[in-house]
Amino acid sequence: MRNITDRHEFILKSLKEKGKITIDWLCETMKVSSVTIRKDLKLLEDKNLLFRIKGGASSSNPYAIDRPILIKETINSDEKQRIAIAALRLIKNNDSIMIGSGTTVFALAKNLESTQGLTVITPALKVGLELSGKPNIEVLQLGGLIRSNSSSVAGHYATRILEDISCGILFLGADGIDLEFGISISNLPEATLNQKMLQTSQKVAILADSSKFGKRGLGKICELIDVDYIITDPKVSPDTVKAIEELGIKMILA
């Protein structure tokens, strides 16, 4: 397939069908060199027809965008609710837990109840306000600079408090879950705080809908192997579920 027009049509058609394609597969299928394929992908990306990724191309943007929390709340809200309810099973009475920022973990806070006592540590103002009026729940609100996009704190004051804290399980949201890059979010200061929160927790649970898989945020939080649970919806591909479970991570599909 030597004609550039034919190659570009084939690449775009394959992307529409598969979502992602590799350079090796394109070379083998079209019988052209990797140099030619890379040039083709660059031209198509310049025309905003695809996104180049490591070793190939994707039809969707692989990089997470830092959206305001009010906009995030409207995206995949049904899935977030089911994920939150599934996460409740990991919480026991008299636990000390930590809840990060983000709309999926906020859904957890909205559904959280306790009959015998629960301590919740959080950097997220919305989480703290939601839980502060609930019986048998004690809230430790971390302090620091408030980010308007997430209504959550970050910075030195928040991390300093965490020096003297240990908790049973950390519930984190994520903007990206990638097999190679790990868990990430789209804001660097919050990623740094999340890294510190992870160090203070005995277990880590990631709450994220299926749209976050295969994406990368600006700030890396941890490797996948640092996580104990990932709670998501059933739209994640079986291959991805299998690859993650082979790392020893419990996948919970809600």
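The values are calculated or read from the model by the stated rules, or taken from the named source; none is laboratory data. No experiment lies behind these values; they were computed from the predicted model shown. For neighbour counting, all protein chains shown are included, and Cβ atoms are generated from backbone atoms with ideal geometry for every residue, glycine included. Keep in mind that these areas ignore ligands, DNA and RNA; they rest on the heavy atoms of the full protein, side chains included. Shrake-Rupley method; radii C 1.70, N 1.55, O 1.52, S 1.80 Å.
Between Lys42 and Leu145, the distance separating the two model label sites (each 7 Å from Cα on the Cα→Cβ line) works out to 3.7 nm. The magnitude of the dipole of the stretch 196-254, with charges of +1 and -1 set on the Cβ of Lys/Arg and Asp/Glu and taken from the Cα centre, is near 240 debye. What separates the Cα centres of the stretch 186-254 and the stretch 15-54 is a distance of 28 Å. When the alpha carbon gyration tensor of the chain is reduced to an equivalent ellipsoid, the three semi-axes, largest first, read 40, 18, 15 Å. Hull volume per residue, based on the alpha-carbon atoms of the stretch 76-198 and their convex hull, is 109 Å³.
The loop-placed GluC sites (Glu not before Pro) in the stretch 148-209, going by DSSP, that have at most 16 neighbouring Cβ atoms within 10 Å of their Cβ come out as Glu163, Glu180.
Figure legend: label point modelled 7 angstrom from the Cα of Leu12 along Cα→Cβ; residues of the stretch 20-64 with amide N under 16 Å from it are 40-52, 58-60. Dipole magnitude for the chain: about 640 debye, using +1 per Lys or Arg Cβ and -1 per Asp or Glu Cβ, origin at the Cα centre.
First compute the accessible area of the chain with a 1.4 Å probe, then give the percent of it belonging to carbon and sulfur atoms. Of the solvent-accessible surface of the chain, carbon and sulfur hold 51 percent.
Checking the table Lys18/Lys250; Lys92/Lys250; Lys16/Lys54; Lys13/Lys250; Lys134/Lys220; Lys42/Lys250 against a 30 Å threshold on Cα-Cα, which pairs fail? Going by Cα-Cα distance, Lys13/Lys250; Lys134/Lys220; Lys42/Lys250 fall outside the 30 Å limit.
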